[in-house]
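Chemist: Following this message is one structure expressed as C-alpha cells.
The values are calculated or read from the model by the stated rules, or taken from the named source; none is laboratory data. Bear in mind the structure is a predicted one, so any value in this text is a computation, not a measurement. For neighbour counting, all protein chains shown are included, and Cβ atoms are generated from backbone atoms with ideal geometry for every residue, glycine included. Side chains included, ligands, DNA and RNA excluded: accessible areas come from the protein's heavy atoms. Shrake-Rupley method; radii C 1.70, N 1.55, O 1.52, S 1.80 Å.
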Amino acid sequence: MSYFTLNVADRIATLTLDERDAAVNTVSPEWITAMREAFERLKADEDVDGVIITSAKPGFMAGADLKYILNETAHFTARDAFDFSQRATAMHRAIETCGKPVVAAINGFALGGGYELALACHRRIVVDDAKAAVGLPEVNVGLLPGSGGTQRLARMIGALKALDVLLAGASYKPADALALGLVDEVVARESLLDAARAWIQSGPEAGQPWDRRGYKTKETHGLLDNAFANAMTAQVAALSARYGENYPAPLAILTCVYEGVQCPIDGALRIESRQFARLMTDPRARNIIRTTFVNKGLAEKGARRPGGFEKTKVAKVGVLGAGMMGAGIAYVAADAGIEVVLLDVSVEAAEKGKAYARKILDKRVQKGAKAQDAADAILARIAPTTDYAALAGCTAVVEAVFEDTVIKADVVKKAEAVLGADAIFASNTSTLPITQLAEASSRPENFIGLHFFSPVERMDLVEVILGRATSDATVARAFDFVAQLRKTPIVVNDARGFYTSRVFQTFIHEGAAMVGEGVAPALIENAAKMVGMPIGPLALLDEVTLDLPLKIVDQAIAEEGATYTPPCGAPVMRRMKDEFKRSSRKAGGAFYDYDEKSKRLWPGLAEAFPRAAQQPSAEEVGKRLLYVQALETARCLEEGVLTHAGDGDLGAVLGWGFPAWTGGTLSFIDTVGVGAFVAECDRLAQAHGPRFTPTAQLRAMAAVNERFHPACAA
Ligand code: NAI
C-alpha cells in the first residue's frame, strides 16, 4: 500500500500525499508508520536540506476515517487509545524535530488529522482557493484533535484563541485562517510549491519555538497567569451550562489546553493523549459518529434504495399546496436545480408560497452566502399557479394541501388527469395512512409518502413511507428525488403515526402525564433539557398545539373504539384545552404564559394539578422521558414499521431532536445495555404503567446479550 511519493530536487524533498485507490488522504496506523520511517530517512539524508509536504489529491488531507474509528477501534481499552494517540504524536514529533525545515503546502482542505499534520510542520502555506480550508472538527464527533492539535495550536496562537477554534470545530477559509494565525501565508495555486521552496531556501530555523531551550507559553511564563486562569474558569462554567454531563469533549479539550500549556511539549502531548483516550473509549463519541456521520452518509448514498432500478432525475416537480410545507419543499427543489410548479387554490396563496423562497434567498444574499444572480435563477424556477394543466411534464408531485382525506383525494385525481402515467405522486401527510390516500389514485403503485419536516430548508430528514401498493420502482425513484434535494431518507412502513410522529408523541404525553401526577412542571422541563432534549415537553406542546395530539387521539378512538387505550398525557391535555381554554402558544398560551420576550410556566398549573408532596429526582424524570421514546422505537422495529435500527436512530436524532450523544433511540438502548434497559423498564412499568413493559424481542435480546448495533459496526 502506498500513501505518498517522495522526490528530491535541488536538495529539497517533496513528500506528496497520495493514498492509493482513495479519493482523499486519511489518517491510518499504516500511514503513520510510513510517514515516521520516511522522516527518519529524510533526517539522515545528507542530500536533503528541507521538506515540502503536499498532496496529489484535490484536498491536502482529511482526518481519520470515521468508519475506521467506528469499526476498528470499538474494542480499544483506554491504554490502546492512549497508545494510538501517542503513535501519531511520535510521528509528528519526528517531523518537527528532524532538524530540517518542513513546510506544509496546503493545496485544498486540511481538516482534523490533516491540519494536525500541517501544525507539526514549521510553516503552513495555503492556496487561495474557495475549496481550501483548515480546521479541527473533532469536537463535532465527540473527540478532540489527539495528535498534538490542542497543544501546537495553543502554543502557536495563544491558549484562549486556540480554545475558541478547538471548541467551534469549524473550517476556516484561507483569508480567515491567515487572520487567525492558523496558516502563515496564502498564495495563488500556481505559486504554492515555489513559495514553499523559497521559504526553505531562505534558511529558516528548522525547529519549533516550543523545542527551544527555556521556552515558556505566553499564558504561564512558568507561572500561571491570573487572567488566563480566570478566563478558563469562566469557560468551564459556560461549557458546563451548555453541555451538562452529556458531551464530554468540550471540557476535555479545555483540560488539554489548560493543563497542557503549563507543561513542556512532551508532557503536554501525554495529557492530550490521556484525554483523547477517555473520549475514544466513551460510547458517546461512537454514538455520534455512528448516527450523525456514518449512517447518515450511508442513508444519503441510498443504503435503503431498492436495487435493480436505473438512477432517475426529476427535472420538473409539482408541489400542491403552497402553505408552510409546500413553500419549503418548493424552495429546496428549486435550490436543487429543479423546475417547480407551485399550485394552490388562489394565485395569492401560490404567490405567497413563492415569497417564502424569496425571503430565504434575500437573507442568503445579504449574508454573502449566495450571489444575487444565482438567487434570481433559483426563484425563477418556481412557477406559482392555480392551473393543473401546468403540471404537464412533471415526473414527480409532492402534495402538501390541508390534512384532510377528501381534499387530498381531490387533488390526487386532478393531478393524475394531467400527469404522465409513470409520474410518482408523494403525499407529505403527517398522519393519514398512505394506503388509504392511495385509494384515490388510479395508479397506487406510483403513490408514496414523503414526510418532510418543518422548516423544510433546515431539516435534513425525510421519512419515505411505503403504502401497501407502492412499487419498488417508485421507492427507488423517490429515493433519487430525495437525494436530489440533498435530504436524508429513512424507510418507514405505513402505520398510524408512521415512525417519527408516533415516537415523538410518547415524549409529549409522558411530559403531560407527569403534570397530572403532580410532578413540578419546572422539574419536567429541566430534566428533559438535562438529558439533552432541545426543549421540554410542555414548551414543545405549546408550540405544536395541544389540538394536534388530541386530534390524533380522537381519530384513533373513532377508528378503533373500545380497543384503543388513549395515551397517558391525553387527560391533562384535554383539561388544559377544554377546562382552562389553554391550547397553544399561538392561542395565547397553554403550559406557559408568553410576553414579547419571554415565557414563564402558567402559575395556574399549581392549582389545576396540585403538586405531589414527594417529588421524583431529575434523573428519574429524565429517564422516563428517554426510555419511553426508546421503547416505542423498539416496538416500531419489532412491528416492522421500521426495517433497520439505523433508520430508527437517524429519524430520532434528525427528526425530533433526540439527543445526539445517545446516537438515537436504539443506540441509546445499546448504550444502557439491553439487559439493564429491560430491567429498568420493568421497574418503570411497575411504577408508572404498562406502557413501559419491555417488548418480547427486547427480552429475547437481553437473554442472549444482543445489541441493535453490533459493537464493531455501523
Ligand atoms: P398549511 O395550512 O400551511 O398549507 C396548506 C396549503 O394547502 C394552503 O396554502 C392551502 O391554501 C392549500 N390548499 C388547500 N386545499 C387545496 C387544494 N384543494 N388545492 C391546492 N391547494 C390547497 O399546511 P402545512 O402545515 O403546510 O401542511 C400541509 C401538509 O403537510 C399537511 O398534510 C400536513 O399534515 C403535512 N405536514 C405538516 C408539517 C408541519 O410541520 N406543518 C410537517 C409535516 C407534514
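Chemist: Picking from ALA234, ALA241, ALA277, which residue would you name as being within 30 Å of ALA711 (Cα to Cα) and out of contact with any strand residue (DSSP E or B) (no Cβ under 6 Å at 6 or more places or on another chain)?
Modeler: Numbers: ALA234 fails: within 30 Å of ALA711 (Cα to Cα); ALA241 fails: within 30 Å of ALA711 (Cα to Cα).
Step by step, each of ALA234, ALA241, ALA277 is checked, and only ALA277 is within 30 Å of ALA711 (Cα to Cα) and out of contact with any strand residue (DSSP E or B) (no Cβ under 6 Å at 6 or more places or on another chain).
Chemist: Would you kindly identify the helices (runs of 4 or more DSSP H) lying entirely within the range 637-690 that contain at least 1 residues that are open to solvent by 40 Å² or more (accessible area, probe 1.4 Å), under 23 Å from PHE452 (Cβ atoms) and among the basic types (Lys, Arg)? Working first, answer last.
Modeler: On the way: elements: 645-650, 665-672, 674-688.
Qualifying helices (runs of 4 or more DSSP H): none found.
Chemist: I'm told LYS599 meets every condition in (1) in contact with a strand residue (DSSP E or B) (Cβ under 7 Å, 6 or more places away or on another chain); (2) over 19 Å from PHE504 (Cβ atoms); (3) open to solvent by less than 40 Å² (accessible area, probe 1.4 Å) except one. Can you identify the failing condition by its number?
Modeler: (3)
Chemist: Now for a separate question. Can you find, within the range 350-361, the residue that is nearest to the ligand (Cβ to nearest atom) among those that are within 27 Å of the chain's Cα centre (by Cα) and open to solvent by less than 80 Å² (accessible area, probe 1.4 Å)?
Modeler: Ranking the qualifying residues of the range 350-361, first place goes to TYR356.
Chemist: ILE508: touching a strand residue (DSSP E or B) at 6+ places or on another chain (Cβ under 6 Å) and open to solvent by less than 10 Å² (accessible area, probe 1.4 Å), yes or no? Spell out how you get there, then give the answer.
Modeler: Details: touching a strand residue (DSSP E or B) at 6+ places or on another chain (Cβ under 6 Å): no; open to solvent by less than 10 Å² (accessible area, probe 1.4 Å): yes.
For ILE508, the condition - touching a strand residue (DSSP E or B) at 6+ places or on another chain (Cβ under 6 Å) and open to solvent by less than 10 Å² (accessible area, probe 1.4 Å) - is not met.
Chemist: Name the residues in the range 429-441 that are part of a loop (DSSP other than H, G, I, E, B) and touching a helix residue (DSSP H, G or I) at 6+ places or on another chain (Cβ under 8 Å), would you?
Modeler: Taking the range 429-441 first, the residues part of a loop (DSSP other than H, G, I, E, B) are 429-433, 441.
Answer for the range 429-441, where residues must be part of a loop (DSSP other than H, G, I, E, B) and touching a helix residue (DSSP H, G or I) at 6+ places or on another chain (Cβ under 8 Å): THR429, SER430, THR431, LEU432, SER441.
Chemist: So, in the range 225-247, how many residues would count as being open to solvent by less than 60 Å² (accessible area, probe 1.4 Å), modelled with pLDDT under 90 and aliphatic (A, V, I, L, M)?
Modeler: Adding up the residues that qualify gives 1.
Chemist: Of the residues in the range 398-408, how many are more than 6 Å from the ligand (Cβ to nearest atom) and either open to solvent by less than 30 Å² (accessible area, probe 1.4 Å) or among the β-branched types (Val, Ile, Thr) (or both)? Show your work before the answer.
Modeler: Going through the range 398-408, the residues more than 6 Å from the ligand (Cβ to nearest atom) turn out to be 398-399, 404-406, 408.
If we keep only those that are either open to solvent by less than 30 Å² (accessible area, probe 1.4 Å) or among the β-branched types (Val, Ile, Thr) (or both) too, we end up with 398-399, 405-406, 408.
Matching residues across the range 398-408 total 5.
Chemist: Which members of the range 327-349 meet the condition of being more than 6 Å from the ligand (Cβ to nearest atom), in contact with a helix residue (DSSP H, G or I) (Cβ under 6 Å, 6 or more places away or on another chain) and of a type outside the set (Gly, Ala, Ser)?
Modeler: TYR331, ASP335, VAL340, VAL341, LEU342
Chemist: Let me ask something else about it. All but one of (1) in contact with a helix residue (DSSP H, G or I) (Cβ under 8 Å, 6 or more places away or on another chain); (2) within 10 Å of the ligand (Cβ to nearest atom); (3) under 18 Å from PRO455 (Cβ atoms) hold for ILE378, so report the exception by its number.
Modeler: (2)
Chemist: Within the range 442-474, which residues are open to solvent by 10 Å² or more (accessible area, probe 1.4 Å) and either more than 16 Å from the ligand (Cβ to nearest atom) or in a helix (DSSP H, G or I) (or both)?
Modeler: Hits for the range 442-474 are SER442, ARG443, PRO444, GLU445, ASN446, LEU466, ARG468, ALA469, THR470, SER471, ASP472, ALA473.
Chemist: Report every pair of residues separated by at least 6 positions or lying on different chains whose Cβ atoms are under 6 Å apart, first residue within the range 68-86 and closer than 13 Å to PRO29 by Cα, second open to solvent by 40 Å² or more (accessible area, probe 1.4 Å).
Modeler: If the second residue must be open to solvent by 40 Å² or more (accessible area, probe 1.4 Å), the pairs left are ALA81/THR281.
Chemist: Restricting the search to the range 177-193, which residues are in contact with a strand residue (DSSP E or B) (Cβ under 8 Å, 6 or more places away or on another chain), closer than 19 Å to THR16 by Cβ and open to solvent by 60 Å² or more (accessible area, probe 1.4 Å)?
Modeler: If the condition is that a residue be in contact with a strand residue (DSSP E or B) (Cβ under 8 Å, 6 or more places away or on another chain), closer than 19 Å to THR16 by Cβ and open to solvent by 60 Å² or more (accessible area, probe 1.4 Å), then ARG189, LEU193 are the ones that fit.
Chemist: Regarding SER430, is this residue open to solvent by 20 Å² or more (accessible area, probe 1.4 Å), within 11 Å of the ligand (Cβ to nearest atom), small (Gly, Ala, Ser) and within 30 Å of ARG502 (Cα to Cα)? Walk me through how you get there before you give the answer.
Modeler: Details: open to solvent by 20 Å² or more (accessible area, probe 1.4 Å): yes; within 11 Å of the ligand (Cβ to nearest atom): yes; small (Gly, Ala, Ser): yes; within 30 Å of ARG502 (Cα to Cα): yes.
Against the criterion (open to solvent by 20 Å² or more (accessible area, probe 1.4 Å), within 11 Å of the ligand (Cβ to nearest atom), small (Gly, Ala, Ser) and within 30 Å of ARG502 (Cα to Cα)), SER430 qualifies.
Chemist: Does the range 410-427 hold any residues that are surrounded by 15 or more Cβ atoms within 10 Å (Cβ to Cβ) and either near the ligand (Cβ under 10 Å from one of its atoms) or touching a residue at least 40 places away in the same chain (Cβ under 8 Å) (or both), and which are they?
Modeler: At the first step, the residues of the range 410-427 found to be surrounded by 15 or more Cβ atoms within 10 Å (Cβ to Cβ) are 411-412, 415-416, 418-419, 423-427.
Result: VAL411, ALA415, LEU419, ILE424, ALA426, SER427.
Chemist: Please return the ranges of helices (runs of 4 or more DSSP H) entirely within the range 482-567 where 1 or more residues are in contact with a Lys or Arg (Cβ under 8 Å, 6 or more places away or on another chain). Give the steps one after another, and end with the answer.
Modeler: Values: elements: 500-517, 521-530, 537-544, 547-560.
Where helices (runs of 4 or more DSSP H) fall fully within the range 482-567 and carry at least 1 residues being in contact with a Lys or Arg (Cβ under 8 Å, 6 or more places away or on another chain), they are 500-517, 537-544, 547-560.
Chemist: Another question about this same structure. Taking PHE309 and the conditions (1) buried (at least 20 other Cβ atoms within 10 Å of the Cβ); (2) aromatic (Phe, Trp, Tyr); (3) not in a helix (DSSP H, G or I), which numbered condition does it fall short on, given that it satisfies the others?
Modeler: Result: PHE309 passes all but (1).
Chemist: Do you know which residues across the range 95-112 are assigned to a strand (DSSP E or B), of a type in the set (Gly, Ala, Ser) and within 20 Å of ASP49 (Cα to Cα)? Before the answer, list the steps.
Modeler: As a first pass, look at the range 95-112 and keep what is assigned to a strand (DSSP E or B): 102-106, 109-111.
In the following step, the residues that additionally are of a type in the set (Gly, Ala, Ser) were identified as 104-105, 110.
If the condition is that a residue be assigned to a strand (DSSP E or B), of a type in the set (Gly, Ala, Ser) and within 20 Å of ASP49 (Cα to Cα), then ALA104, ALA105 are the ones that fit.
Chemist: Okay, next question. Take the residues in the range 293-306 that are open to solvent by less than 40 Å² (accessible area, probe 1.4 Å) and under 22 Å from the mean Cα position of the chain (by Cα); name whichever of them is nearest to GLY146 (Cα to Cα).
Modeler: Of all residues in the range 293-306, those open to solvent by less than 40 Å² (accessible area, probe 1.4 Å) come to 294-297, 299, 302, 306.
Narrowing further to those that are under 22 Å from the mean Cα position of the chain (by Cα): 294-297, 299, 302.
On the way: VAL294: 20, ASN295: 24, LYS296: 24, GLY297: 24, ALA299: 29, GLY302: 32 Å.
Across the range 293-306, the extreme among qualifying residues is VAL294.
Chemist: Can you list residue pairs whose Cβ atoms sit under 6 Å apart, with the first residue in the range 332-350 being under 18 Å from ALA392 (Cα atoms) and the second being part of a loop (DSSP other than H, G, I, E, B) and within 16 Å of the ligand (Cβ to nearest atom)? Count only pairs 6 or more apart in sequence or on different chains.
Modeler: LEU342/ALA322; ASP344/ALA322; ALA350/ALA322; ALA350/ASP344
Chemist: Just the residues that are assigned to a strand (DSSP E or B), more than 30 Å from the chain's Cα centre (by Cα) and under 20 Å from GLU116 (Cβ atoms), please, taken from the range 15-57. Before you say what the answer is, go through the steps one by one.
Modeler: At the first step, the residues of the range 15-57 found to be assigned to a strand (DSSP E or B) are 15-17, 27, 50-55.
Imposing the further condition that a residue be more than 30 Å from the chain's Cα centre (by Cα) reduces the set to 15-16, 50-54.
Within the range 15-57, LEU15, THR16, VAL51, ILE52, ILE53, THR54 meet the criteria.
Chemist: Next up: Identify all residues within the range 312-326 that are touching a Lys or Arg at 6+ places or on another chain (Cβ under 9 Å) and more than 6 Å from the ligand (Cβ to nearest atom); write none if there are none. Please lay out each step first, then the result.
Modeler: Taking the range 312-326 and keeping what is touching a Lys or Arg at 6+ places or on another chain (Cβ under 9 Å), we get 312, 314, 320, 322-323.
THR312, VAL314 - these are the residues of the range 312-326 that are touching a Lys or Arg at 6+ places or on another chain (Cβ under 9 Å) and more than 6 Å from the ligand (Cβ to nearest atom).
Chemist: Considering only residues that are open to solvent by less than 90 Å² (accessible area, probe 1.4 Å) and in a loop (DSSP other than H, G, I, E, B), look in the range 1-14 and name the one that is farthest from PHE84 (Cα to Cα). Give the steps one after another, and end with the answer.
Modeler: Applying the first criterion (open to solvent by less than 90 Å² (accessible area, probe 1.4 Å)) to the range 1-14 yields 2-6, 8-9, 12-14.
Adding the requirement that they be in a loop (DSSP other than H, G, I, E, B) leaves 2-3.
On the way: SER2: 21, TYR3: 19 Å.
Among those residues, the one meeting the criterion is SER2.
Chemist: Just a yes or no: is a residue in the range 559-575 open to solvent by less than 70 Å² (accessible area, probe 1.4 Å), more than 35 Å from the chain's Cα centre (by Cα) and over 16 Å from LYS599 (Cα atoms)? Steps first, answer last, please.
Modeler: Narrowing the range 559-575 to residues open to solvent by less than 70 Å² (accessible area, probe 1.4 Å): 561, 564, 566-570, 572-573.
Still in the running and more than 35 Å from the chain's Cα centre (by Cα): 561, 564.
This time we only want the ones that are over 16 Å from LYS599 (Cα atoms), so: 561, 564.
Within the range 559-575, one or more residues are open to solvent by less than 70 Å² (accessible area, probe 1.4 Å), more than 35 Å from the chain's Cα centre (by Cα) and over 16 Å from LYS599 (Cα atoms).
Chemist: Name every residue in the range 381-397 that is within 16 Å of the ligand (Cβ to nearest atom), within 25 Å of SER454 (Cβ to Cβ) and not small (Gly, Ala, Ser), in order of residue number.
Modeler: If the condition is that a residue be within 16 Å of the ligand (Cβ to nearest atom), within 25 Å of SER454 (Cβ to Cβ) and not small (Gly, Ala, Ser), then ILE382, PRO384, THR385, THR386, LEU391, CYS394, VAL397 are the ones that fit.
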